[in-house]
Amino acid sequence: MLADLIGDDLLLCQITSQSSKDIHAVPLSITDFLNGSLPVDSFIRPMRLFTADKNIVIRKAGLLRAKLVDDVTRTIVRVIQ
């Protein structure tokens, strides 16, 4: 989750286990979590942003380290500037 928006919406970005040619993809492994995890190493795709109603979220996979979240945020800002 990138942001908890006003109302019931969340700003999210895609996380996938599939590698892609996305030059902005950020690798995500178990060591990037403060708690929780994903079953396999994955990729955060900062350019795949979307909103979702928080009521459809089934569970929280974990909490990422602040540095990784900052890296993802900087990537988004760099690309849209």
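The values are calculated or read from the model by the stated rules, or taken from the named source; none is laboratory data. Being a predicted model, the structure only gives us computed values, none of them experimental. Cβ atoms come from the backbone with ideal geometry, glycine included; neighbour counts cover every protein chain shown.
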In the range 1-32, residue surrounded by the most Cβ atoms within 10 Å (Cβ to Cβ) [restricted to those that are assigned to a strand (DSSP E or B) and more than 12 Å from the chain's Cα centre (by Cα)]: D9
Neighbours by Cβ (under 6 Å, 6+ apart or cross-chain): first from the range 25-46, more than 14 Å from T73 (Cα to Cα) and touching a residue at least 12 places away in the same chain (Cβ under 8 Å); second in a strand (DSSP E or B) and of a type in the set (G, A, S): L28/S42; F33/G62; N35/G62; G36/G62; S37/G62
Close pairs from the range 65-81: first touching a residue at least 12 places away in the same chain (Cβ under 8 Å), partner surrounded by fewer than 12 Cβ atoms within 10 Å (Cβ to Cβ), Cβ under 9 Å, at least 6 apart: R65/T31; R65/L34
Residue match in the range 67-74 (condition: part of a loop (DSSP other than H, G, I, E, B), touching a strand residue (DSSP E or B) at 6+ places or on another chain (Cβ under 9 Å) and at pLDDT 95 or above): no
Selected residue [under 22 Å from L5 (Cβ atoms), at pLDDT below 95 and aliphatic (A, V, I, L, M)] from I44, I80: I80
